[in-house]
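Novice: This is the structure I have questions about; it appears just below.
No lab work stands behind these numbers, since they all come straight from the coordinates. Quantities reported herein were computed from a predicted structural model and do not represent experimental measurements. Note that we place each Cβ from the backbone using ideal geometry, even for glycine, and neighbour counts take in every protein chain shown.
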Ligand code: THU
């Protein structure tokens, strides 16, 4: 299934009663399969999780460690941009050239790479050999 339609479909399952902002994310992993996630809010708001985090967790649970493509969709006026924390989460499993398509339900899209979304990312390289 193409990432855009997978993200659009899983967005319907989002639990977003507080923000009323449903988000869907779909990523293709190194195995070629598509893993999806949606935002899951909580009445104790810091406990909520983003759509991207759910998709990454599904991928890792399936035994995969490499993201090759990502799409995120929401019903906003502008293509939805991953939050700072999710940019770092994506960078854990995606090389800097991996494309992230940000989309609106209305059909607008914007594509940026993981490296563009998180320039100067903290990475294992900065920790040196341990
Ligand atoms: N949200 C995501 O799930 N992904 C994004 O890329 C941006 C924001 C969620 C978090 C929260 O449930 C709601 O959108 C409003 O911030």
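Novice: Just a yes or no: is a residue in the stretch 26-46 within 9 Å of the chain's Cα centre (by Cα), crowded, with 22+ Cβ neighbours inside 10 Å, in contact (Cβ under 8 Å) with a residue 40 or more places away in the chain and not in a loop (DSSP other than H, G, I, E, B)?
Specialist: Looking for residues that are within 9 Å of the chain's Cα centre (by Cα), crowded, with 22+ Cβ neighbours inside 10 Å, in contact (Cβ under 8 Å) with a residue 40 or more places away in the chain and not in a loop (DSSP other than H, G, I, E, B), one finds at least one in the stretch 26-46, hence yes.
Novice: Quick test of your reading of the structure: residue 21 fulfils all but one of (1) near the ligand (Cβ under 8 Å from one of its atoms); (2) farther than 26 Å from residue 116 by Cα; (3) loosely packed, with under 14 Cβ neighbours inside 10 Å. Name the failing condition by number.
Specialist: Only one criterion in (1) near the ligand (Cβ under 8 Å from one of its atoms); (2) farther than 26 Å from residue 116 by Cα; (3) loosely packed, with under 14 Cβ neighbours inside 10 Å is unmet by residue 21, namely (2).
Novice: Quick one: count up the residues across the stretch 57-75 that are surrounded by fewer than 22 Cβ atoms within 10 Å (Cβ to Cβ) and either within 9 Å of the ligand (Cβ to nearest atom) or over 17 Å from residue 19 (Cβ atoms) (or both).
Specialist: Counting residues in the stretch 57-75 that are surrounded by fewer than 22 Cβ atoms within 10 Å (Cβ to Cβ) and either within 9 Å of the ligand (Cβ to nearest atom) or over 17 Å from residue 19 (Cβ atoms) (or both) gives 11.
Novice: Can you name the residue in the stretch 1-18 that is in contact with a strand residue (DSSP E or B) (Cβ under 8 Å, 6 or more places away or on another chain) and within 8 Å of the ligand (Cβ to nearest atom) and, of all such residues, is farthest from residue 68 (Cα to Cα)?
Specialist: Going through the qualifying residues, I end up with 16.
Novice: Which residue out of 115, 54, 85 is surrounded by fewer than 20 Cβ atoms within 10 Å (Cβ to Cβ), within 12 Å of the ligand (Cβ to nearest atom) and in contact (Cβ under 8 Å) with a residue 12 or more places away in the chain?
Specialist: Being surrounded by fewer than 20 Cβ atoms within 10 Å (Cβ to Cβ), within 12 Å of the ligand (Cβ to nearest atom) and in contact (Cβ under 8 Å) with a residue 12 or more places away in the chain holds for just one of 115, 54, 85, which is 85.
Novice: Which of the strands (runs of 3 or more DSSP E) found entirely inside the stretch 55-122 contain at least 3 residues meeting this: under 22 Å from residue 31 (Cβ atoms)?
Specialist: It comes to 67-74, 99-104.
Novice: Hey, another quick one. Going by the structure shown, is residue 57 over 20 Å from residue 4 (Cβ atoms) and more than 15 Å from the chain's Cα centre (by Cα)?
Specialist: No, not satisfied.
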